[in-house]
Amino acid sequence: MAKPNRKHRAAKQRAQQSDAEFWAALGVPEDRQPTAAEFGNAIMTAAMQSAQSGAQSKTARGDAAIAKRFGTLFAGAGPLAAEVEHGAQLAGQRIIARVFENGWLPGDVAEAARRRLDTFGIGFTTDAMPAYMRPFAPATIDETWLIQLGELNAEVWWTDSSSYLSQWSAKHMLTPVEALTTVIEALALLILLPKMELIRPLPGTARPVADIPHHVDEKVLGRVRGLLAKAESTSFPEEAEALSAKAQELMTKYALDRVLVDADSAVPDLPGARRIWLDTPYTDAKALLIDVVANANRSRAIFFAEWGFVTIVGDEADLDAVELLSTSLLVQATRAMIASGDAATDEARSRVYRKAFLVAYATRIGERLAAATAATIAESVAPERLLPVLASHQIVVDTAFDNLFPQARSRGIAIRSAEGWDAGRAAANHARLDSRRPLDR
């Protein structure tokens, strides 16, 4: 037993030496307890080391072993010192502020955390967001931020009677080491988030509500949601397509009327941007479906494969239409894909078949949506006036897109199943086309 004990003591001594070097590098003398600010810097440094190690391993998360090592170091032997608790809060706020400055929105942060952190890490990142928002007057906060925080139920639930970290640890029954390890893991993920385009104004810089571009009328949205809900619930593909077509027709008619009104306005409705996150698998095929819906609704889309989201650029009302319709069509496409696999050959249950199915589905839906839009324009009261207005509108959207993504490139999707392709087109092409309802699915 003597030899293993000597090895254990030697390893412990090396770790202690490494810890002393760590504090010395941060300018903290060995004979003094670090201040809250110094603990904050130490926690950020630990998170950076964890993130760098994770990046070298080509994983979009930090190194768990490094996080645990520093969590143990910072926790000490007894209850957490007040300086540690305050330092963790300082570190969290500094890093989440940088994440938001780099273009991430609350919903984006939540989606990244959901994919790469455990329940406790998700909770910490969620709490960091309303804490960041506290100093800002409500009138200076963009509507998108408020909506996304509301959807996440992100609010300041803790009191000022004690530190946030102590209340959060008690709420989740975490030991000091577990709590600090979780903090470091969460902050490592936030450090790894890449810089993105700033598509909404930061808190404190938002314009007055009266100047915000308008969204789709709530009555119209209500009717569209009702149609799409029926389309998702029916087991008859023809009925689902017809209901989805009616929803697109309604949104297009509303949008065309709005485009003509805006053309006469002294203040045009400038393009905005929005992100739609996709669940695996087949994210590239699902992104294609969003792209064709965006094109049919006078918008542009770009897919970020590494993180699994699509950014769409267009007028706010058109973005509402794209988000509603594409979300519904993704549900319908997945259901049709699974049903096709249940009723067909063994190949129909393979990944290559399912990916080909979804790509074909998206391609055919794009054709039909384009036909529906063209027919709606032709049947409008003033198509000769509408076409140049739409052309001018498209130039504005394209310019905004190119400014946001000057290096965007087109890329294809490999299809390796002819059977899946044929089945996907068939699933998107059940209904007849006629002159009154070009997309009667």
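Computed from the coordinates by the stated procedures, all read-outs in this text should not be read as laboratory data. Predicted, not measured: the structure shown is a model, and the values here were computed from it. Note: ideal-geometry Cβ built from the backbone for every residue, glycine included; neighbour counts use all protein chains shown.
Structure data summary
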item	result
Cut-off under 5 Å, modelled amide H: who pairs with GLU197 long-range	none
Three-way shape label, the stretch 33-192, alpha-carbon gyration tensor, a/c 1.5	oblate
Taking ARG274, ARG207, ARG94, ARG134 and counting other C-beta atoms within 10 Å, the order from fewest to most	ARG134, ARG207, ARG94, ARG274
Exposure proxy ranking, count of Cβ atoms within 10 Å, fewest first, for ARG200, ARG298	ARG200, ARG298
Inter-label distance, nm, simple model (7 Å from Cα along the C-beta direction), ARG351/GLU218	4.5 nm
Inter-centroid distance (Cα atoms) of the stretch 34-94 relative to the stretch 187-209, Å	23 Å
Estimated inter-spin distance, GLU143 and ASN403, nm [label 7 Å along Cα→Cβ]	2.0 nm
For the stretch 85-185: relative contact order, % (alpha-carbon pairs under 8 angstrom, 6 or more apart)	39 percent
Placed amide H near ASP315: partners under 5 Å, 5+ positions off or other chain	GLY272
Options THR252, ALA301, VAL331, ranked by Cα towards positive dipole end of the stretch 242-335, top entry (Cβ charges)	VAL331
Rounded FRET efficiency, nearest 0.05, which uses the C-beta distance separating GLN93 from ARG32 and R0 of 22 Å	0.35
Calculated FRET efficiency for the pair ARG335/ALA82, C-beta based, R₀ 60 Å, to 0.05	0.65
Nitroxide proxy distance, nm - points 7 Å out along Cα→Cβ at ASP118 and LYS253	5.5 nm
Residue-span extension gain [VAL396 to ASP19] - 0.36 nm each, minus C-alpha spacing	130.1 nm
Within the stretch 275-293: backbone nitrogen closer than 16 Å to the ALA370 label point (7 Å, Cα to C-beta)	288-293
Relative contact order for the stretch 37-131, counting Cα pairs under 8 Å that sit 6 or more residues apart, in percent	29 percent
Extension reserve of the TRP157-ALA170 stretch, reckoned as 0.36 nm per residue once the Cα distance is removed	3.4 nm
The stretch 251-261 - phi-based ³J(HN,Hα) in whole Hz, Karplus 6.51/-1.76/1.60, Gly and Pro as x	5, 5, 4, 5, 5, 5, 4, 5, 4, 5, 5
